[in-house]
Each structure stands twice: as C-alpha cells, then as structure tokens.
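Take a look at the structure below.
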Amino acid sequence: MIDQTFKLGGTLTINRLGFGAMRLTAQPGNFGAFPDWEGGVALLRKAADLGVTFFDSARAYGPQWADKIVGEALGQRDVVLATKGGIDKFSPTDLKRDASPQTLLEQIEDARKNLQRDTIDLFQLHWVDPQTPLERTIEALASAQEKRQILHIGLSNVSVEELERARAIAPIASVQNRFNMAEDDQSEMVDHTAKHGIAFIPYGPLGANPMQKGAKLNPPEALAWLLKRSPNIVPIPGTTSLDHLQENWGAWDLT
C-alpha cells in the first residue's frame, strides 16, 4: 500500500495526484484565455470534488489566464494552489526569463489577485534567470514568504546543484522538472528530494508535448508508475476533458 498523501513543505497535506492547469488556456501555444471558460471552471471544481487537493498553474500559461481560471474556480475552496513566476509570455513562442527581485514581487502580487488568495500556497521559480543570480531570486522569494504573501517556495527546471544553492538561502518545498516513465533522467533528483522531504512534481507525466494535445503514454499506467516510484512524487496531469480527468484519477486503482 502506497501513501496517497504528501505533506508539502511539512505543513500542507495534499493528495499525491494533482492537476496541471496549463491546458486551460487557448490553443495553439497555450496563449490566451480558455475558450470554454465556464466548462473549465466546472472541470476544476469536479477535480476538487473527486479528491484532487493540489492544483498547479503558472504566470506563463496564458499568460496569467490559467491563474485566473484556477482562482475563479478554486480560490475560495480548501485546496492547495501553486503557481510559477520568473517568465513572461508575449506570443505562443516568445518567452522571456526575468527572475529579478522587483519583477518577481510584482508577479506575486498579480498571482495573489488572479488566484484570489491573500497567501499563495506554493510559488515556484519557473526557470533560473541567467541574468539574475539564483541567490538574489531566492532572497526575494524569502522576503515575500516572511510577509506571508507566499507560504512555500518551489523551483522548476533546476539541477541538484541549483537546488542546494537555493536551500542555502531558504527552505525549498518542491522541485518541478520533466519526468515520466519514458523520460526518467531525473532519477537522481527524485531520490535527492525524497531524502530531504521535498516534493518532486513531474511535469509532462504522460509524455505529452507542452504545445500539443495528446499524450504518448497510457494515463493510468504512467501515473501509477510515478506514484509507485517514490513517495514524494506528486504528478500533475492536465486535461480539458471530464472523461480524461476521471481516467487519470483511476491511476489509484492500479497502485
């Protein structure tokens, strides 16, 4: 029997099968508002009704539109909401990394408004900014944490070395890197985060291209493999379909 929950940051108990909101934007390129807005709101609420308690979004999704639909659907619900910052999106293919302290603090304010939360449960650095020392970025997030604008700090698309540099500045609750049963080059990071009680949130858990619809892997099988791989893994499959949502949730039956 495997654990169905994980304590994020040591304080927030979440179901280990989460929901990724990237698809709840316009296509192509996850750019613009989701066209079936009310359907998206209903889907997110249905996920919460099924038992999903962890929802992951990002400023770059839309941009900001994914945060807004998650906030409308779930801002007043007793669930854990996560977002990411440090990237802005100007077209389906034009992104800019900016994790400077001023930009991050502005993005946190936008996220609080969009998610309809005074305190963001988990705010993650989407990508390391080569123009800003990682230490300065983490110091800015730690400052927001001290002000209770965010509760926990997470990282995305990082190496073990970058994780340790960040941990020297502030506690890190999660790492979000691409990982699935066909792309398992993050095993060292999975084991390292498990050792330190840090959540590992694998994006692309079904092997999908982030800019295209469809998954390469069988959803229940691929998700069950992740759930069994390590007790700190929190997969975040995304979907726009109620049928797919229920199929993904069926991964628990295979564990």
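The values are calculated or read from the model by the stated rules, or taken from the named source; none is laboratory data. Keep in mind the model is a prediction, meaning the values are calculated, not measured. Cβ: placed from backbone, ideal geometry, glycine included. Neighbour counts: every protein chain shown.
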So, in the stretch 71-123, of the ones that are among the acidic types (D, E) and in a loop (DSSP other than H, G, I, E, B), which residue ends up surrounded by the most Cβ atoms within 10 Å (Cβ to Cβ)? D98
When the residues of the stretch 1-36 are filtered to those that are of a type in the set (S, T, N, Q) and touching a Phe, Trp or Tyr at 6+ places or on another chain (Cβ under 8 Å), which remaining residue is farthest from V79 (Cα to Cα)? N30
Filtered residue count, the stretch 144-161, keeping only those that are free of Cβ contacts under 8 Å to residues at least 40 places away in the same chain, more than 16 Å from A60 (Cβ to Cβ) and surrounded by fewer than 21 Cβ atoms within 10 Å (Cβ to Cβ): 7
Criterion violated by T25 - all others in (1) in contact with a Leu (Cβ under 6 Å, 6 or more places away or on another chain); (2) among the β-branched types (V, I, T); (3) over 19 Å from P202 (Cα atoms) satisfied: (1)
Out of D78, D36, report the one residue that is among the acidic types (D, E) and more than 15 Å from T240 (Cα to Cα). D78
Please list, ordered by first then second residue, the pairs with beta carbon atoms under 6 Å, 6 or more apart or interchain, first in the stretch 110-122 and more than 18 Å from A142 (Cα to Cα), second of a type in the set (D, E, K, R). N114/D67; N114/K68; L115/D67
Number of the condition not met by V80 [criteria: (1) among the β-branched types (V, I, T); (2) without any contact (Cβ under 8 Å) to a residue 60 or more places away in the chain; (3) touching a strand residue (DSSP E or B) at 6+ places or on another chain (Cβ under 9 Å)]: (2)
Could you pull out every one of the strands (runs of 3 or more DSSP E) wholly within the stretch 1-60 that has 1 or more residues that are over 12 Å from the mean Cα position of the chain (by Cα) and without any contact (Cβ under 8 Å) to a residue 60 or more places away in the chain? 5-8, 12-15
Residue that is surrounded by the fewest Cβ atoms within 10 Å (Cβ to Cβ) [pool: residues in the stretch 43-70 that are among the charged types (D, E, K, R) and farther than 19 Å from W252 by Cα]: R45
Tell me, please, whether a residue that is in contact with a strand residue (DSSP E or B) (Cβ under 6 Å, 6 or more places away or on another chain) and modelled with pLDDT of 95 or more can be found in the stretch 239-248. no
I'm checking my understanding of the structure. Among residues of the stretch 125-143 that are of a type outside the set (A, V, I, L, M), part of a loop (DSSP other than H, G, I, E, B) and free of Cβ contacts under 8 Å to residues at least 60 places away in the same chain, which one is nearest to A194 (Cα to Cα)? W127
